[in-house]
1. Look through 177, 160, 138, 190 and report the one residue that is part of a strand (DSSP E or B), surrounded by fewer than 14 Cβ atoms within 10 Å (Cβ to Cβ) and not polar (S, T, N, Q).
2. Specify which of the listed residues (124, 110) is at positive phi and surrounded by 13 or more Cβ atoms within 10 Å (Cβ to Cβ).
3. Taking residue 37 as the residue in question, decide whether it is of a type outside the set (A, V, I, L, M, F, W, C), within 16 Å of residue 111 (Cβ to Cβ), buried (at least 23 other Cβ atoms within 10 Å of the Cβ) and at pLDDT 80 or above.
4. Scanning for something β-branched (Val, Ile, Thr) and not in a strand (DSSP E or B), does region 256-279 turn up at least one residue?
5. Looking only at region 329-374, how many residues end up being aromatic (Phe, Trp, Tyr) and under 30 Å from residue 69 (Cα atoms)?
6. Just one of the numbered conditions (1) more than 23 Å from residue 86 (Cβ to Cβ); (2) modelled with pLDDT of 90 or more is not true of residue 361; which one?
7. Checking residue 308 against (1) surrounded by fewer than 21 Cβ atoms within 10 Å (Cβ to Cβ); (2) at negative phi, only one condition comes out false. Which one?
8. Mind counting the residues in region 335-385 that are farther than 24 Å from residue 110 by Cα, outside any strand (DSSP E or B) and not small (Gly, Ala, Ser)?
Amino acid sequence: MNFKRVAVCLALATSAGLAQLPVRDYWGDEVRFASARTLAAVGTTLHESKPAALFGNPALLWTGNRVAFELTYGLRVSAEQRTRIVYDNFENAVGEIAFADNYGASGLAGPMAVAGRLGPVTVGAGATPVRDFDYSYLKEYRDDFYVKIGEDRVSQTGNLYAAGAGAAWRPVDWLSLGAAGSYAFGTRRLEAWYIDGYDTIHSLEAGNPAGLAYSFGLAGRPMDRLSLAADLHGPTELANWRSGDSALAAESRTLPASGGLSLAYRAPGSLPSTVTAEGRYALWSAADSTYKNTLQLRAGVEHTLLNLVRLRYGFGVEPLAANPSVQAVDVGLGVGFDAGVAQIDVGLMHARSILGPGDFTVPLAGDDVKVYENRTAIAVTFSRGF
């Protein structure tokens, strides 16, 4: 029996984090797109007036049609590789070796939204995924004869959804004001197993988080080809983050308030294009005193080609609240086209980041450990106006 490893496992099982998983996954990986269009632009709105704007900037809820709806389905694929440095006989680093490779996939139903316009006012309602809790890790231990003698396993499942309604008002043609409210609800279940021979340590953290959320927005067009937008999302206190009979039962967590500023320029020419730049500041320090506030920066481009085919792409950086020096780099690509009476859009976004031992709920053992994360999201949106 490896007594040192058992002692480490006991310490992990009794810690506040319960299991070793990335901080981002413990909070749930944020679903940062309202449709396949914004996914291709790494989360920028492109200043489109669509029903799903309800969940981003509600001021953009206005639509040129009397009634419009859209439905999105997405797939999230993740890959994680953990490595450590290899040294030669003279203690010189000669490279890295992987000691764990894990993959996972989960489906995301939504966003789905419908909006209707009555004069200068547009109202909308819908539901959307907010955070995806799915995460899995497995590391097996084998003896010299390749017989399995133990394993470390971490599994988290669940989703956080929001259902709500909002309205946008256009007092004048160049200005729109919006507000929205929603009820967030979902499930999460985090389990960890540390097995060493005949000894097994198991920990469980589960809950049904729920809470109220709200947002405000405005959008204006000071010049013919230039538009500006701003939005504010309030903090969301999620009750029942943990549930059960333990002392931590019914513990709550608060998703941070955030504010965003964006601008879009519609360039003329033989290839009409829309270029959007966006920044979002999140107050993570108010949610957890050990975290830092973060600033996300991203930019997206949409080209309108022949036959109303639209090509989109985007780039962005997303810092980790627990360690802002860790930057996830986002790259997006997508296409959209009119299919008769409806519009179909397809988008893809890939994010890559490199984590260190301290970027987990419980720090990993070994200062030389590196964790390479790759996350890819694919979405298809069907929309139609009447």
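1. 138
2. It is 110.
3. Judged against the criteria, residue 37 is a match.
4. Checking region 256-279: not a single residue is β-branched (Val, Ile, Thr) and not in a strand (DSSP E or B).
5. So the answer is 1.
6. Evaluating residue 361 over (1) more than 23 Å from residue 86 (Cβ to Cβ); (2) modelled with pLDDT of 90 or more leaves (2) as the failure.
7. (2)
8. 9
The values are calculated or read from the model by the stated rules, or taken from the named source; none is laboratory data. This structure is a prediction, so every number in the text was calculated from the model and none was measured. In this analysis, Cβ positions are derived from the backbone assuming ideal geometry, glycine residues included, and neighbour counts consider all displayed protein chains.
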